[in-house]
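Chemist: Here's a structure for you.
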Amino acid sequence: MRHVGPNPSLPAPPAWMRWLPVLYVAGVLLLEPVTPVQWPVSFALIALPLVTAFAHPPAVVAAATVFAIGLELLLAGTHCCAGRFVGLLWERHYVAAYACTALVGALGAILAAHRVRRERTLADVRFVAEIAQRVLLRPVPHRIGNLLLESFYLSAAAEARIGGDLFEAVPTAYGVRLLIGDVRGKGLLAVETAAAMLGAFREAAHDEPDLRALVERVDISMARRADWLGGTELSERFVTAVFAEIPEDERIVRILNCGHPPPLLIRPGEVRELDEGHPGPPLNLGMLVGDPYRVDTYPFGPGDQLLLYTDGVTETRDPAGVFYPLLERLRSWGPMPPPELLERLHQDLLDYSHDQLQDDTAALTAFLLPAGAAEAAGGGQDSPAQ
């Protein structure tokens, strides 16, 4: 995850917007000598303060206003360029142009000041959202025992940077337990639901020896929260999720899928979905069916890698509307360590969508080290990534 600095910074406007006032003046100067005398293009300089206010602070807008009035005076009284005599310098139409430029300059400075305040407020909001994200989605450890771990989160809304996607990795006496989920909906309710689910998982992961019992306990917590919230959309407040358990002394992985995209197993020469075709219902909908949750067990040996992801990955679209081909991409890349895999996936999603993500996206991967590599690295648990 990206590190959050101590102070929020204002977003920088695009370069073309910063240079727009210069280009605007250049255009006026190019047109003025070639237009008829009765069509004084210099009147267009009245708009220069507003053009400047798009990307510059009030002081620069004030300087642009003074410059525009001075240039209007120069063009009005320059015979060689505009074909006008100096006597027109104080002709009433030109005087009106000077006054209008000053008025527009004052309005532009006010607009620029308002824009700067809005940008500073937005920067503060984004800063707080990033801090909240680091609390809610704390970085997973790079390593737990003989597992290498990595995660990433992409928000579809640059202003939000936080949403309903969630993930977690918890070392327990029963093995490393992983969670990835996607809360239905957006906004504050989705964030609160994600926080409640993560809290329930982090607590129950240490207490429940059985993965199914762990999921049922989390499901009860989510149903209790939905009852507490009330409202007419009670049945729609659900979370899709995948729970995984990788025991330390067994070469297996246990998967319990709650209506979520199936995880992927990546090993040399093979990338496949871990899907038996019988996923359970999303959390908070389990009460609608009897005996809803089932644990599936798969071989998981040294050198194998498990990839958990939200549907924002597979539902990413290119400009033509074609969905992102996750399996094809992973098979073409071949096995790679968790940091390189997620970095490549991260960048490929942005490239594929032309930086136009339509949904929040999260991924979590776990790689089982070969015995020799685990012993050489010393075993142990890394501190969370910063």
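Chemist: Which cross-chain or sequence-distant (5 or more) residues have an amide H under 5 Å from the amide H of Ala55, H modelled 1.01 Å from N in plane?
Modeler: Long-range HN contacts for Ala55: none found.
Chemist: Starting with the highest mean, order 254-264, 100-110, 345-355 by the number of other Cβ atoms within 10 Å, averaged over the residues of each peptide.
Modeler: Numbers: 254-264: 21.9, 100-110: 18.7, 345-355: 15.1.
Highest-to-lowest ranking by the protection proxy: 254-264, 100-110, 345-355.
Chemist: Just to verify a number: what accessible area does Met17 come out at with the full protein assembly present, 1.4 Å probe, Å² rounded to tens?
Modeler: Counting only protein heavy atoms, the figure is 40 Å².
Chemist: If packing is taken as the average number of other Cβ atoms within 10 Å across a peptide's residues, how do 176-183, 66-73, 317-324 rank, most packed first?
Modeler: Result, highest mean first: 176-183, 66-73, 317-324.
Chemist: Counting only residues 5 or more places away or on other chains, whose amide H sits under 5 Å from the amide H of Asp304 once H atoms are built in the peptide plane?
Modeler: Excluding prolines and chain starts, which carry no amide H, the hits are Leu368.
Chemist: Output the peptides 295-306, 46-57 sorted from most to least packed, where packing is the average of other Cβ atoms within 10 Å over each peptide's residues.
Modeler: Numbers: 295-306: 17.0, 46-57: 21.7.
Descending mean neighbour count gives 46-57, 295-306.
Chemist: Convert each backbone phi in region 260-277 into a coupling constant with the Karplus relation 6.51 cos²θ - 1.76 cosθ + 1.60 (shift: θ = phi - 60°), then list the ³J(HN,Hα) values in order as whole Hz, x for Gly and Pro.
Modeler: 10, x, x, x, 10, 9, 10, 8, x, x, 8, 9, 9, 7, 8, 9, 8, x
The values are calculated or read from the model by the stated rules, or taken from the named source; none is laboratory data. Every value quoted in this text rests on a predicted model; they were computed, and no experiment measured them. All Cβ positions, even for glycine, are placed from backbone atoms using ideal geometry, and neighbour counts span all protein chains on display. Accessible surface areas use protein heavy atoms only, side chains included; no ligands, DNA or RNA. Shrake-Rupley method; radii C 1.70, N 1.55, O 1.52, S 1.80 Å.
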